[in-house]
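First up is the structure itself, then whatever we jot down about it.
The values are calculated or read from the model by the stated rules, or taken from the named source; none is laboratory data. None of the values given here were measured: they were computed from a predicted structure. Please note: Cβ atoms are built from the backbone with ideal geometry, for glycine as well, and neighbour counts cover all protein chains shown.
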């Protein structure tokens, strides 16, 4: 019988398995992943990794490899304008350091992150079984029996669902969600440009939604371009000339000529918050527990915060001789993460509704608010700390760079 079975072999699932196994090597842990082996190598996207998450990845022994391909975010610029505006006034700027020499975030290619986490899992002897999904599970007093898509069964003390925002395991567990659709899609693409971005990230609030330019290595940037769903579908389906012309209108000419690298995809945007994060012998983590708007770049980082809290909960319970799958043990993890997740979900929801419109009185009010923040250094520093995940008391040890 396993001690922990993780369903979902993405960043969060792998990090959860590695974090627990590293701190408690005697525990038997496996990962199952529905996608075939090697599919992650085709992921062209990049993610913002905040300082707290990089601390955890450093403790897990993966950050040195990841950071070799990472681009520090040295500065953040926020504007509020229309696409047709000839000038985009800057309302707010953030210096990118939470302390000397340490940026509040890095942009990391997803391929590099998964590769490093897979190597860490393999080094710890964690089996990763591809091409399998969980079709059902039954919970008993001492174990959970999981039926896999090949007809086999696995018994485990704790089942951790990291199977994405449309989690089937969450539905099987009977956990309800708060959920709605924004009618927007996020276009994700990578562009190369003539001039150096100097590590500056830009967030342009446009009437259709935020348009984020996030710096990558080698004069490239990752785009998260929010549009109404119908318009996003049209843009993704258009030829390169039309797409790049529309892109240049929003991107501007500050970095010179731009060119799309690789493919482009659109993802529907919505809010999904699980009403519970745990059930007997069952825990949700990552997008299975929460899906939020990318306006703050915090989606994956929320998942890494889940990992840090869940790993500490499980490892400390094991050291005390407690049953790691017992509901009273798992409720500590839920209490640790649920409020922070709901707070971030509400924040991103309000920000998206506030900035994804062209109503003049609202524009005046929000621009006044941005200007006030720009003029209050202590408030700016607070927001930087919040974005980096370094503020607040009682954070899990891994997020502070400490061993469990």
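Quick notes on this one:
- Check on residue 183, surrounded by fewer than 18 Cβ atoms within 10 Å (Cβ to Cβ), on the phi > 0 side of the Ramachandran plot and in a strand (DSSP E or B): yes
- Residue match in the stretch 59-81 (condition: at pLDDT below 90, touching a helix residue (DSSP H, G or I) at 6+ places or on another chain (Cβ under 7 Å) and over 17 Å from residue 398 (Cβ atoms)): yes
- Scanning the stretch 344-359 for residues that are in contact (Cβ under 8 Å) with a residue 24 or more places away in the chain and assigned to a helix (DSSP H, G or I) gives 344, 345, 347, 348, 349, 351, 352, 355.
- Scanning the stretch 57-80 for residues that are part of a strand (DSSP E or B), within 18 Å of the chain's Cα centre (by Cα) and surrounded by fewer than 19 Cβ atoms within 10 Å (Cβ to Cβ) turns up just one, 72.
- A single entry from 367, 340, 358 fulfils the requirement of being in contact with a strand residue (DSSP E or B) (Cβ under 7 Å, 6 or more places away or on another chain) and either modelled with pLDDT under 70 or within 25 Å of residue 271 (Cα to Cα) (or both): 367.
- Within the stretch 1-37, the set of residues being assigned to a strand (DSSP E or B) and over 11 Å from residue 307 (Cβ atoms) comprises 2, 3, 4, 5, 7, 29, 30, 31, 32, 33.
- Annotation note: of 262, 270, the sole residue that is closer than 14 Å to residue 188 by Cα and within 24 Å of the chain's Cα centre (by Cα) is 262.
- The listed residue being closer than 30 Å to residue 157 by Cβ, modelled with pLDDT of 95 or more, in contact with a helix residue (DSSP H, G or I) (Cβ under 9 Å, 6 or more places away or on another chain) and assigned to a loop (DSSP other than H, G, I, E, B), out of 276, 283: 276
- Pair list, Cβ < 9 Å and 6+ apart or interchain, from the stretch 113-129 residues that are at positive phi and surrounded by fewer than 17 Cβ atoms within 10 Å (Cβ to Cβ) to residues that are at pLDDT 95 or above and assigned to a helix (DSSP H, G or I): 125/21
- With respect to the stated conditions, residue 191 is assigned to a strand (DSSP E or B), more than 20 Å from the chain's Cα centre (by Cα) and touching a residue at least 40 places away in the same chain (Cβ under 8 Å).
- Criterion: in a helix (DSSP H, G or I) and on the phi < 0 side of the Ramachandran plot - qualifying residue of 54, 47: 54
- Unmet requirement for residue 171, which otherwise passes all of (1) touching a residue at least 24 places away in the same chain (Cβ under 8 Å); (2) within 30 Å of residue 341 (Cβ to Cβ); (3) surrounded by fewer than 19 Cβ atoms within 10 Å (Cβ to Cβ): (1)
- Total residues in the stretch 9-39 satisfying the condition of being modelled with pLDDT of 95 or more and closer than 21 Å to residue 333 by Cα: the figure is 19.
- Extreme residue, nearest to the chain's Cα centre (by Cα), among residues of the stretch 293-343 that are touching a residue at least 24 places away in the same chain (Cβ under 8 Å) and outside any helix (DSSP H, G or I): 298
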